[in-house]
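J.: Structure incoming, see below.
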Amino acid sequence: MGGFGNFAISFSVICILAGGMTLFGFGLNTGGPAVMIWGWVAIGFFTLLLGLNLAEVTSAYPTSGALFFMADRLGGPRWAWVTGWLNLLGLLGAIAGIDYGCALFVGAFANLQWGIVPTPETTIVIFAGILLLHGALNAAGVRLVNVLNSISVWWQVGGVILIVGSLTLAPVEHQDVTFVFGHFNNGTGFTSPLYVAALGCLLAAYTFCGYDASSHLSEETSQAQTAAPKGIVRAIAWSWAAGFVLLAGMLFAIQDYDGTLGTSTGVPPAQIFIDVLGTGMAKGLLLVVIVAQLFCGNAETAAASRMVFAFSRDGALPFSATWRRVSRRTRTPIAAVWLSVGVAFLLALPSLYSPTAYAAVTAINVIGITPAYAIPVYLRLRAGKRFRPGPWNLGVWSKPLGWISVTYVVVLTVVFCLPQASPITGESFNYAGVTLLAVLFLAWIMWITKGKRDYKIPPLGSEAENRALAGDVI
């Protein structure tokens, strides 16, 4: 990959047409337009700060292992072990969230085109089909993934322009500025506006996950010490701007708030398209969103499989010898690809009986992957002068921006482990926190039984070898 290809995979994984659209109904119910817009601005700002710090550490350690390799070099094997398990949980949760969200949109399209009423059973079948598609595409090799990611960038940008332009120019009445930037809606059952607003930020926090993909594919990127950090920062910045435009355009176009939330399609954005543009145009725009989500899930599968491969390469997973195998023909870790999509399927299975399960899946993504971003940043701060920055670094801004980022992640993680709906029942229970604890417990058991004895990341080459390779890291 070149610099654009590396940027493209993170931009594709963030995918505002996935996170921003699939959680649109969640946002309308949990805080409404005011929280959706201002939450996007705030979360985007702090994500950019965190991304800048992560990019600095990536420049020093551009490897497929990415976050857990950084943690090992800066804090030792125990930090690497925990970081790797958190990162893996977040990446697998991301595949589940993206592809299940895509299945919801495919169900909405089927409802408009053929009158099929979406059910949890039909959605899970569509979801399984999408996972199989992404497994097959990734098994074909990184060159195909690179081409699809490059197309994805232009598809997303063009899709946002098409959707916002169509909704804006349509000859219908639009909401005013006060509604878009100030209307608050609480359908959660909780009484605290502050608590509801904090929960509503899940839309933005979930969307802004996945930019570590640039780091995971750095071993397949030329000039990785500068290309990968730039890929991270540019992906966040462009997504921040484009996502704001998309959310604002959608909110201005709402015709019937309650009707949008209770749409028979199961997807509130589809109802907005229907109300403003009619069924024909709505189906066309849904296809634009679905294709963007397919690109996104494919890119996330690539990133997750590289994480599985790298973690297995160091012997950290059960049956590591299987997951680290690489195809001689495509040089792709095919077993790691299929493990990634298989676990993602299991994570989304509770959606068969729980109407709030999808929000929990997206929360799993956030509370798994975001702390994994912060750990290398924290360890870099703790290391002080022992840290030797790469060619892309923040200089004197590294320390203050780093502490702000770490504090932000701690608050975010706590918030998304909390209940998301009241009253709290078996159906409305947020199992994201339980999943996090289960993974940490599994990681601890694996550490004391295997990792403490066998886990060891191979040493880096000499400085002379690294300098010789720096111009052409593959």
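J.: ILE116 is checked against (1) surrounded by fewer than 19 Cβ atoms within 10 Å (Cβ to Cβ); (2) part of a helix (DSSP H, G or I) and fails just one. What number does that condition carry?
T.: Failed condition: (2).
J.: Give the residue, chosen from LEU167, LEU144, that is assigned to a helix (DSSP H, G or I), at pLDDT below 90 and farther than 17 Å from ILE290 by Cα.
T.: Criteria check complete, one pass: LEU144.
J.: Testing PRO355 on (1) modelled with pLDDT under 85; (2) surrounded by fewer than 24 Cβ atoms within 10 Å (Cβ to Cβ); (3) in contact with a Gly (Cβ under 8 Å, 6 or more places away or on another chain), one condition comes back false. Which one is that?
T.: PRO355 satisfies all of (1) modelled with pLDDT under 85; (2) surrounded by fewer than 24 Cβ atoms within 10 Å (Cβ to Cβ); (3) in contact with a Gly (Cβ under 8 Å, 6 or more places away or on another chain) except (3).
J.: Kindly establish whether ARG329 is of a type in the set (Lys, Arg) and surrounded by 24 or more Cβ atoms within 10 Å (Cβ to Cβ).
T.: no
J.: Just give me the residues in region 52-79 being under 20 Å from GLY384 (Cβ atoms), small (Gly, Ala, Ser) and outside any helix (DSSP H, G or I), in sequence order.
T.: Matches in region 52-79: GLY76 only.
Conditions tested, residue by residue: (1) among the hydroxyl-bearing types (Ser, Thr, Tyr); (2) modelled with pLDDT under 95; (3) more than 14 Å from the chain's Cα centre (by Cα).
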| site | (1), (2), (3) |
| --- | --- |
| LEU194 | no, no, yes |
| ALA197 | no, no, yes |
| LEU202 | no, yes, no |
| TYR206 | yes, yes, no |
| HIS216 | no, yes, no |
| GLU220 | no, yes, yes |
| GLN225 | no, yes, yes |
| ALA237 | no, no, yes |
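J.: In addition: Looking at ASN365, ASN393 in this structure, which one is among the polar types (S, T, N, Q) and more than 18 Å from GLY90 (Cα to Cα)?
T.: ASN393
J.: Look through ALA310, ALA299, ALA336, ALA304 and report the one residue that is buried (at least 24 other Cβ atoms within 10 Å of the Cβ) and free of Cβ contacts under 8 Å to residues at least 60 places away in the same chain.
T.: Answer to the check: ALA336.
The values are calculated or read from the model by the stated rules, or taken from the named source; none is laboratory data. Keep in mind the model is a prediction, meaning the values are calculated, not measured. Reconstructed Cβ throughout: ideal geometry from the backbone, glycine too, with neighbour counts over all protein chains shown.
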